[in-house]
Every structure is written in C-alpha cells, then in structure tokens.
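Asker: I'd like to ask some things about the structure below.
The values are calculated or read from the model by the stated rules, or taken from the named source; none is laboratory data. Since this is a predicted model, take the numbers as computed values, not measurements. Using ideal geometry, Cβ is built from the backbone for each residue, glycine included, and neighbour counts are taken over all protein chains shown.
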Amino acid sequence: MNYLVLIKMVPDTVEEIELLPNGQGIDSSLTRYKLSDPDEHAIEQALILKEKHGGNITLLSLVAPEVDDVLFTAIAKGVDRAIKINIDQTNLTTTSVASVFSLYIKQSNLLSDPATLILTGSQASDDLDGELAPIIAENLSLPVLTVVSGVTLNQNLTQLVVFKEFSGGLRGEFELSLPCVLGLQSAESPPRYVPVSKVRNVMKSSKIENVELPDFQPSQMFQIEKLYKPEISTHAEMLEGNLEEVADKIASILSQKGII
Amino acid sequence: MNSSILVLIETQRGELVEISFECLSAARAIANSTNSKVIGLVLGKNAYQIATKLGSCDSVYWNELDGAELVPADIVAEALGMLIKNTNASTVLIGGTNNSLGLGSRLSAKTNIPFVNFAQKITPVDSDLVVTCRFLGGKILADVRLKGSKGIIVINSGAFAPDLGKTEGTPHCEKLDGLVSKPRITFKKFIQPAAGDIDITKMDVLVSIGRGIQNPDNIPLAEELAKLLNGAVSASRPVVDQGWLPLTRQVGKSGMTVKPKLYLALGISGAPEHWEGMKDSNMIIAVNTDANAPIFSFAHYGVVADIFDFIPVLKDAIQKHKK
C-alpha cells in the first residue's frame, strides 16, 4: 500500500500578512509560513492507515519557508520518504502547484501500483484559483472526494469507505476504489505530537530528497489586479479602558439585556 | 455582454440549499446591469418542482436523476459542462458549500475556464468582471479580473443578500437529457450527527473558544465562565480538530449554526468559515489580542486583551452585577 501525501505551506493567518508594495502578491520574505492545517490532517490520516495496513508514506512538497522543518517533523512521525521539488511554491497559484505534483507523480511513475492513495488537505486558506485534490484528480484521471473526515480501507487494499462532512454536523458515507484522491478536512484523530529532540535526531539521520522538475511551466488563468487588507472594525464598538473597566461595561450590557 | 450566467442550484435530499438564492441574487445583479440572461441548473430529487419556482431565472434546466438524494459531483460537472457549451454561458456561479467544494476546480481543469474562489463581491467593468475575494482567513482581499466575464466563481456564504434571488414567478423550464457519466464514487447514506452532551444550538449563551485557548488544560476557565452565564462552551474548528472538544460543540461551516442571545468569542480570529455558523447571534462580544482580527469587523462589542488576563476579571465583574 502506498500513500502519497501532498502538502502546501500557507501564510500563517495568526500573524501579520505582508503584501508586496505593488499589491500583486504576498511578501514571502516578511510573512510567516506554516503547513496548511488540513494538510497536517492528511499526514495524520496516512500515518493512521499505515499503522493499520502497513505500506509506505511518501510526502511531496515544493520549496517554501519553513518547509524543511515540516518535512523532518513528518519523518519523525513515521513518514518514509520526504521529497522536495525544487520550485518556489510561494509564487505559484494552487493550479500551478497541482500541475507540479501531477507532473512529478506521472514522471516518477508513483501511480504504478494500483494500491495507491493520494491524500492532501481539503482546502487551503490561499486557494484562490482552486483546490489541490480536485485538480490533481482531474490531471491524473482519478476519482476524488473532498471535505473528508474519516477513511477505512478494506483488507484487500482495493476499496475505501470514506466519510464526508456536509453542514450542521451531517456526514455522508461513500465508497470508492483505489487509486483515488482524498481531500482531508480532519483525520480520525488529532495530529500527533512529536518531541523536538526526536525531530533533531531525524535531521541528523535522515535526508530530504531534493528533486528537479525542468518540464514544468507555471500557469495563471486570471489576472490579480491587487491584494489589500479589508477595513477593520467598521462594526464592533471597541471597549476601552483597563481590564476592570472593560469587564464592568460588559457586565452592565449583559445585565441591561437581561442575560445576567 | 449578452451571454448568459449559469447558476448551480444546489439541492440536498430534495431541498434547495439556501446559498443558491445568494448565487441567484449575485447573478441577477450582473444580468440586470449587463443585459444578459440567468440560467439555472437543478438536479436531483424534486428538481422540477424547485425549478418552477425560480422566478429570478430566465430559464432553468432540470433532471431528477431518479430522485437522487445527493447528486454525484461527476454528473453535476457533466451537466454544467454541457450547458456551458450549449447555452453560450460565460459565467458560472456555484455556492461555497462543503458539498460543492472541488466542483468548480474540476470543471476549470476540464474546460480551461478560469476558476475564482471565495467571492465576496462581483462588479461588471466593461466586458469583464472584477471579482473581490476574501481569503486567507478573511484577512486579505483580492481583486481578480475575469476577461470577457469568462469564469467559474464560487461565492462565500453570506456575501450576497439573497432577496434578489427569491423573485416569485415561473421561468421557462426544460429537462436536461443526455447525462451519461457513471459516477466513480458511490454514495451510501447520510449520517446524522450523534446526539451530543449539550445541544449548543439551543443555548442562550455560548462562550466560544478558538486557537487562543492554547491547550486543553485551559478549557475549564471557559467552562467556569459559561456556567456563571448559564451557558455552554462551544468552539471554532481548530479546537475540535485537536480533539479538545467534541464535534457537537463546533460552530461554523461544517459544524453547527447557532443563534444565541450572547456569543462571547474568546481568542477566535473570525475566519469566514466560523462567521457562517454564528453570524445571526443576537449579540457578539469578541476578545482577542490581535486588534486587526477579522472578528472585530462583525462583533457588536470588541475587547483587545489576552483572554487569560481577561476571563478572571470578567468573572468577578459578572458576579458583582449578579448580586
């Protein structure tokens, strides 16, 4: 059984996102990047399936700030191979990132075994022009299901039972055959923790495979006129003062509204 | 521009999904200012009945697909592709639901029509459309130009007032035949959410926690505050994904939609996916260390503070007022 996990680094929305002065993109030198949350769940789901059914997990990424740490951490968790394709991801649209992955998977013959499951996050916060899973599926002519939060593999390693989230807690049960692509929303259990000391050891004992992909041509189907920050706080009345004063104001409001 | 705008009318278990009215509203606004037509597509159980009521469309194509409770994405993509070809539609609008996620991207990869996600506003400019997208957790806006108005657009829930999409009347309805794709995925059944310990949709007060709670050991702080307010603790996605609270406590796109009298958001940034689940709360009070957090743009009251400093002080103040 082979698991191919495709990951993307995204701007950390908890931190300030810095835009290029011309408004045409994000300044990746001043913006903090992190692994896209759902991608972390894709890695976890692969680890869970590997524990149950055996097999090999291959992680694929492009070049981005902090990505080496993410790859080493994944190896420390149990990922077998980490491959970094030498193309800068921060300048690319999601469609282009999908093209990179699709092209690499085809050229490296990573789909030769039908018992192969491609996992990635369901949606990334910067997926302005599309999501990875459906585009990869289209490029590789594979079936796809997204917003997945639960995967069971049968003993023959041919069929999957997959749960998809709708809204209001409603889920749907689906069946599909391998090979296929899944866009993970959340793994069956939360992403595992791995001690920093173990990651450090992995950095010494393992290596990331750096590969080239000379045939790749980036594409952009639309023109971004500008990126900008929304006007903040047009609605909330900001309560000012020291914490006691602010808390007292809130308590008064709640009292007036009959909540307390 | 005299080409048409194609709108996917999403259905689930024979019922129209509400966001479809927002799509229709957005489509109607473009159509009115560019003198183009709005074409609807409804598939699945009750499709015909739904089609006949869509007065904001000029025409609607429908197929009940033997009463399908959930229409396979392969068939939706085929039907949209067919209508793009046959009706000269240049713009396609799809609602940003979990059900439809990925559909627009696939259609784009198949047809080479540009795809734009997270649309918040659509403005016709000359023969183009400028789509304003709200992304990166609501922190950044992007103006994207679609040349010749050619594009597949997914709209954010809540971005367009649905009223314009709810015009009464019966449009021209036509059955869409010739759908041949065999879905490669089998839908088995829907699973209702397990009955939770507490039904957060029925609470008057929710103390809702986000990433800012930092670790599960801090959850009792929120629980004590909730108890004092006769409410319950709910959470945004990251807290539930970490397994710190059950799925039944999740507010947002995949989770519950809540409308309490008080929604106290502690350390929640207010990404659009979260907003979708709590926007109709009577009163929203947000506490966050980041003065630029998107939640302050839709909360009624805002406090810039560290929640760990603020919770004990707020508890004291509430206790004082209760006496």
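So that you can scan it fast, the table gives a plain yes or no per residue for (1) modelled with pLDDT of 95 or more; (2) of a type in the set (S, T, Y); (3) in contact with a strand residue (DSSP E or B) (Cβ under 6 Å, 6 or more places away or on another chain); (4) not in a loop (DSSP other than H, G, I, E, B):
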{"residue": "A:P190", "(1), (2), (3), (4)": "no, no, no, no"}
{"residue": "A:Y193", "(1), (2), (3), (4)": "no, yes, no, no"}
{"residue": "A:K204", "(1), (2), (3), (4)": "yes, no, no, yes"}
{"residue": "A:P218", "(1), (2), (3), (4)": "no, no, no, no"}
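Asker: Would you pick out the residues in the stretch B:171-186 that are in contact (Cβ under 8 Å) with a residue 40 or more places away in the chain and either within 30 Å of A:L178 (Cα to Cα) or surrounded by fewer than 11 Cβ atoms within 10 Å (Cβ to Cβ) (or both)?
Answerer: Within the stretch B:171-186, B:D177, B:G178, B:L179, B:V180, B:S181, B:K182, B:P183, B:R184, B:I185 meet the criteria.
Asker: Quick one: which residue in A:S252, A:S219 is hydroxyl-bearing (S, T, Y), within 30 Å of B:D309 (Cβ to Cβ) and either more than 7 Å from chain B (Cβ to nearest Cβ) or surrounded by fewer than 20 Cβ atoms within 10 Å (Cβ to Cβ) (or both)?
Answerer: A:S252
Asker: Just the residues that are without any contact (Cβ under 8 Å) to a residue 60 or more places away in the chain and part of a loop (DSSP other than H, G, I, E, B), please, taken from the stretch A:56-97.
Answerer: A:A64, A:P65, A:E66, A:G78, A:D80
Asker: Next up: Quick one: which of A:V5, A:V67 is more than 14 Å from chain B (Cβ to nearest Cβ), in contact with a Leu (Cβ under 6 Å, 6 or more places away or on another chain) and either buried (at least 17 other Cβ atoms within 10 Å of the Cβ) or of a type in the set (S, T, Y) (or both)? Spell out how you get there, then give the answer.
Answerer: Details: A:V67 fails: in contact with a Leu (Cβ under 6 Å, 6 or more places away or on another chain).
Just one listed residue meets the conditions, A:V5.
Asker: In this structure, is B:L206 in the same structural domain as B:D306 (by TED's automatic domain parsing), under 29 Å from B:K322 (Cα atoms) and touching a residue at least 24 places away in the same chain (Cβ under 8 Å)? Steps first, answer last, please.
Answerer: On the way: in the same structural domain as B:D306 (by TED's automatic domain parsing): yes; under 29 Å from B:K322 (Cα atoms): yes; touching a residue at least 24 places away in the same chain (Cβ under 8 Å): yes.
Against the criterion (in the same structural domain as B:D306 (by TED's automatic domain parsing), under 29 Å from B:K322 (Cα atoms) and touching a residue at least 24 places away in the same chain (Cβ under 8 Å)), B:L206 qualifies.
Asker: Taking the stretch B:68-111 only, how many residues are under 16 Å from A:V144 (Cα atoms), surrounded by 24 or more Cβ atoms within 10 Å (Cβ to Cβ) and touching a Phe, Trp or Tyr at 6+ places or on another chain (Cβ under 8 Å)?
Answerer: 4
Asker: Take the residues in the stretch B:305-317 that are in contact with a Leu (Cβ under 9 Å, 6 or more places away or on another chain) and facing chain A (nearest Cβ under 8 Å), then tell me which one is surrounded by the fewest Cβ atoms within 10 Å (Cβ to Cβ).
Answerer: Residue satisfying both the conditions and the ranking: B:D309.
Asker: Kindly provide the set of residues from the stretch A:10-25 that are assigned to a strand (DSSP E or B) and either modelled with pLDDT under 95 or away from chain B (no Cβ under 13 Å) (or both), ordered by number.
Answerer: Residues of the stretch A:10-25 assigned to a strand (DSSP E or B): A:10-11, A:19.
Passing the criteria: none in range.
Asker: Restricting attention to the stretch B:231-259, report how many residues are surrounded by fewer than 21 Cβ atoms within 10 Å (Cβ to Cβ) and touching a Phe, Trp or Tyr at 6+ places or on another chain (Cβ under 8 Å).
Answerer: Result for the stretch B:231-259: 0.
Asker: State yes or no: is B:P114 buried (at least 20 other Cβ atoms within 10 Å of the Cβ), within 14 Å of chain A (Cβ to nearest Cβ), in contact (Cβ under 8 Å) with a residue 40 or more places away in the chain and touching a strand residue (DSSP E or B) at 6+ places or on another chain (Cβ under 7 Å)?
Answerer: no
Asker: Given the structure, is A:K207 within 25 Å of the chain's Cα centre (by Cα) and either free of Cβ contacts under 8 Å to residues at least 60 places away in the same chain or more than 7 Å from chain B (Cβ to nearest Cβ) (or both)?
Answerer: For A:K207, the condition - within 25 Å of the chain's Cα centre (by Cα) and either free of Cβ contacts under 8 Å to residues at least 60 places away in the same chain or more than 7 Å from chain B (Cβ to nearest Cβ) (or both) - is met.
Asker: Out of the residues in the stretch B:187-203 that are facing chain A (nearest Cβ under 8 Å) and of a type in the set (D, E, K, R), which is surrounded by the fewest Cβ atoms within 10 Å (Cβ to Cβ)?
Answerer: So, considering only residues that are facing chain A (nearest Cβ under 8 Å) and of a type in the set (D, E, K, R), the one surrounded by the fewest Cβ atoms within 10 Å (Cβ to Cβ) is B:K189.
Asker: Restricting the stretch B:276-304 to residues that are in a helix (DSSP H, G or I) and touching a Pro at 6+ places or on another chain (Cβ under 9 Å), which is farthest from the other protein chains (Cβ to nearest Cβ)? Steps first, please.
Answerer: Narrowing the stretch B:276-304 to residues in a helix (DSSP H, G or I): B:276-278, B:294-297.
With the extra rule that they be touching a Pro at 6+ places or on another chain (Cβ under 9 Å), the set shrinks to B:278, B:294, B:297.
Working: B:M278: 13, B:P294: 7, B:S297: 6 Å.
For the stretch B:276-304, the residue satisfying everything is B:M278.
Asker: Of the residues that make up the stretch B:39-51, is at least one under 21 Å from the mean Cα position of the chain (by Cα), more than 10 Å from chain A (Cβ to nearest Cβ) and surrounded by fewer than 24 Cβ atoms within 10 Å (Cβ to Cβ)?
Answerer: Within the stretch B:39-51 (the criterion being under 21 Å from the mean Cα position of the chain (by Cα), more than 10 Å from chain A (Cβ to nearest Cβ) and surrounded by fewer than 24 Cβ atoms within 10 Å (Cβ to Cβ)), the answer is yes, since at least one residue qualifies.
Asker: I need a count of the residues in the stretch B:142-181 that are assigned to a helix (DSSP H, G or I) and touching a strand residue (DSSP E or B) at 6+ places or on another chain (Cβ under 6 Å).
Answerer: Our first condition is that a residue be assigned to a helix (DSSP H, G or I); within the stretch B:142-181, this holds for B:147-149, B:162-166.
Those still in the list that are touching a strand residue (DSSP E or B) at 6+ places or on another chain (Cβ under 6 Å) too: B:147, B:149.
Qualifying residue count, the stretch B:142-181: 2.
Asker: In the stretch A:161-188, which residues are part of a loop (DSSP other than H, G, I, E, B), of a type in the set (A, V, I, L, M), in contact (Cβ under 8 Å) with a residue 12 or more places away in the chain and surrounded by fewer than 22 Cβ atoms within 10 Å (Cβ to Cβ)?
Answerer: Across the stretch A:161-188, the qualifying residue is only A:L178.
Asker: Right, another one. Would you point out which residue out of B:L262, B:L206, B:L225 is modelled with pLDDT of 95 or more, within 12 Å of another protein chain (Cβ to nearest Cβ) and touching a Phe, Trp or Tyr at 6+ places or on another chain (Cβ under 6 Å)?
Answerer: Testing whether each residue is modelled with pLDDT of 95 or more, within 12 Å of another protein chain (Cβ to nearest Cβ) and touching a Phe, Trp or Tyr at 6+ places or on another chain (Cβ under 6 Å) leaves just B:L206.
Asker: Let me ask you something else. Would you check if A:G150 is within 29 Å of B:E276 (Cα to Cα) and more than 7 Å from chain B (Cβ to nearest Cβ)?
Answerer: yes
Asker: Just give me the residues in the stretch B:241-259 being over 14 Å from A:G168 (Cβ atoms) and more than 7 Å from every other protein chain (Cβ to nearest Cβ), in sequence order.
Answerer: The answer is B:W244, B:L245, B:P246.
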